[in-house]
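Worksheet for the structure shown next.
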(Lines give C-alpha, C1' and ligand atoms only; values in the text may rest on other atoms or scores of the structure.)
Protein backbone atom coordinates (compact mmCIF):
# COMPACT_ATOMS: atom_id res chain seq x y z
CA UNK A 1 0.00 0.00 0.00
CA UNK A 2 1.53 3.33 -1.00
CA UNK A 3 1.31 6.46 1.16
CA UNK A 4 -1.62 7.98 -0.76
CA UNK A 5 -3.68 4.80 -0.47
CA UNK A 6 -2.76 4.51 3.20
CA UNK A 7 -3.83 8.11 3.90
CA UNK A 8 -7.17 7.57 2.13
CA UNK A 9 -7.75 4.37 4.09
CA UNK A 10 -6.96 6.12 7.38
CA UNK A 11 -9.63 8.73 6.61
CA UNK A 12 -12.16 5.93 6.02
CA UNK A 13 -11.20 4.27 9.33
CA UNK A 14 -11.45 7.57 11.20
CA UNK A 15 -14.93 8.22 9.79
CA UNK A 16 -16.07 4.71 10.79
CA UNK A 17 -14.68 5.20 14.30
CA UNK A 18 -16.51 8.52 14.76
CA UNK A 19 -19.77 6.97 13.55
CA UNK A 20 -19.39 3.96 15.86
CA UNK A 21 -18.54 6.20 18.83
CA UNK A 22 -21.64 8.33 18.26
CA UNK A 23 -23.77 5.18 18.22
CA UNK A 24 -22.03 3.99 21.41
CA UNK A 25 -21.23 0.81 19.52
CA UNK A 26 -19.67 -2.02 21.49
CA UNK A 27 -16.07 -2.98 21.04
CA UNK A 28 -14.75 -6.07 19.28
CA UNK A 29 -12.20 -8.49 20.69
CA UNK A 30 -9.72 -9.86 18.19
CA UNK A 31 -6.70 -12.14 18.06
CA UNK A 32 -3.83 -11.85 15.58
CA UNK A 33 -1.40 -14.71 15.03
CA UNK A 34 2.21 -13.56 15.30
CA UNK A 35 5.26 -15.03 13.61
CA UNK A 36 7.12 -17.23 16.14
CA UNK A 37 10.20 -15.06 15.48
CA UNK A 38 8.65 -12.70 18.06
CA UNK A 39 9.86 -15.15 20.72
CA UNK A 40 13.40 -13.89 20.15
CA UNK A 41 12.40 -10.57 21.71
CA UNK A 42 13.27 -10.67 25.40
CA UNK A 43 10.38 -8.42 26.48
CA UNK A 44 7.85 -10.66 24.71
CA UNK A 45 9.35 -13.87 26.04
CA UNK A 46 9.42 -12.52 29.64
CA UNK A 47 5.67 -11.82 29.49
CA UNK A 48 5.06 -15.48 28.65
CA UNK A 49 6.99 -17.72 31.06
CA UNK A 50 4.37 -20.49 30.69
CA UNK A 51 4.64 -20.64 26.90
CA UNK A 52 4.50 -24.19 25.56
CA UNK A 53 6.71 -24.78 22.51
CA UNK A 54 4.60 -25.15 19.36
CA UNK A 55 1.61 -23.19 20.65
CA UNK A 56 0.67 -20.00 18.79
CA UNK A 57 2.12 -16.58 19.51
CA UNK A 58 -0.70 -14.02 19.42
CA UNK A 59 -1.68 -10.42 19.98
CA UNK A 60 -5.01 -9.77 21.72
CA UNK A 61 -6.79 -6.49 21.18
CA UNK A 62 -10.06 -4.63 21.58
CA UNK A 63 -11.36 -2.16 19.02
CA UNK A 64 -14.37 -0.19 17.95
CA UNK A 65 -13.43 -1.30 14.42
CA UNK A 66 -14.27 -4.54 12.68
CA UNK A 67 -11.48 -7.06 13.46
CA UNK A 68 -10.51 -7.25 9.77
CA UNK A 69 -10.17 -3.47 9.57
CA UNK A 70 -8.19 -3.39 12.80
CA UNK A 71 -5.78 -6.03 11.50
CA UNK A 72 -5.28 -3.94 8.34
CA UNK A 73 -4.64 -0.88 10.53
CA UNK A 74 -1.97 -2.71 12.49
CA UNK A 75 -0.28 -3.87 9.29
CA UNK A 76 -0.40 -0.32 7.87
CA UNK A 77 1.16 1.05 11.06
CA UNK A 78 -1.89 3.12 11.98
CA UNK A 79 -2.27 3.27 15.78
CA UNK A 80 -0.47 -0.04 15.91
CA UNK A 81 1.38 -1.99 18.53
CA UNK A 82 4.85 -2.97 17.35
CA UNK A 83 4.18 -6.69 17.54
CA UNK A 84 1.20 -7.02 15.18
CA UNK A 85 2.72 -4.40 12.86
CA UNK A 86 6.01 -6.27 12.47
CA UNK A 87 5.06 -9.90 13.21
CA UNK A 88 1.31 -10.09 12.45
CA UNK A 89 0.38 -12.93 10.12
CA UNK A 90 -3.42 -13.22 10.15
CA UNK A 91 -6.56 -12.82 12.20
CA UNK A 92 -7.13 -15.88 14.36
CA UNK A 93 -10.66 -15.37 15.69
CA UNK A 94 -11.08 -19.14 15.97
CA UNK A 95 -8.67 -19.06 18.93
CA UNK A 96 -11.45 -17.29 20.85
CA UNK A 97 -13.76 -20.32 20.51
CA UNK A 98 -14.64 -21.52 24.00
CA UNK A 99 -13.77 -18.24 25.69
CA UNK A 100 -16.59 -16.89 27.88
CA UNK A 101 -16.26 -13.26 28.88
CA UNK A 102 -19.92 -12.79 29.69
CA UNK A 103 -20.55 -10.30 32.48
CA UNK A 104 -17.17 -8.60 32.02
CA UNK A 105 -16.58 -5.10 30.70
CA UNK A 106 -14.89 -4.77 27.32
CA UNK A 107 -11.51 -4.03 28.90
CA UNK A 108 -11.90 -6.90 31.36
CA UNK A 109 -12.75 -9.24 28.47
CA UNK A 110 -9.54 -8.30 26.67
CA UNK A 111 -7.39 -9.05 29.73
CA UNK A 112 -9.37 -12.24 30.50
CA UNK A 113 -8.96 -13.50 26.92
CA UNK A 114 -5.21 -12.88 27.10
CA UNK A 115 -4.96 -14.80 30.37
CA UNK A 116 -7.19 -17.60 29.05
CA UNK A 117 -4.91 -18.04 26.02
CA UNK A 118 -1.79 -17.94 28.22
CA UNK A 119 -3.30 -20.65 30.43
CA UNK A 120 -3.48 -22.85 27.33
CA UNK A 121 0.22 -22.30 26.65
CA UNK A 122 0.03 -19.56 24.02
CA UNK A 123 2.48 -16.65 24.03
CA UNK A 124 0.33 -13.52 24.25
CA UNK A 125 0.90 -9.79 23.99
CA UNK A 126 -1.87 -7.46 25.08
CA UNK A 127 -1.65 -3.71 25.73
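The values are calculated or read from the model by the stated rules, or taken from the named source; none is laboratory data. A quick note: this is a predicted structure, and the numbers were derived from the prediction, not measured. Cβ atoms come from the backbone with ideal geometry, glycine included; neighbour counts cover every protein chain shown.
At-a-glance table
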{"item": "Flag if residue 83 is part of a helix (DSSP H, G or I), within 11 Å of the chain's Cα centre (by Cα) and at pLDDT 95 or above", "result": "yes"}
{"item": "Selection from segment 44-80 of residues that are assigned to a helix (DSSP H, G or I), buried (at least 19 other Cβ atoms within 10 Å of the Cβ) and at pLDDT 95 or above", "result": "44"}
{"item": "Residues of segment 86-111 that turn out to be touching a residue at least 24 places away in the same chain (Cβ under 8 Å), within 18 Å of residue 64 (Cβ to Cβ) and part of a loop (DSSP other than H, G, I, E, B), as a count", "result": "1"}
{"item": "Among (1) without any contact (Cβ under 8 Å) to a residue 60 or more places away in the chain; (2) under 19 Å from residue 127 (Cβ atoms); (3) surrounded by fewer than 18 Cβ atoms within 10 Å (Cβ to Cβ), the one test that residue 116 misses", "result": "(3)"}
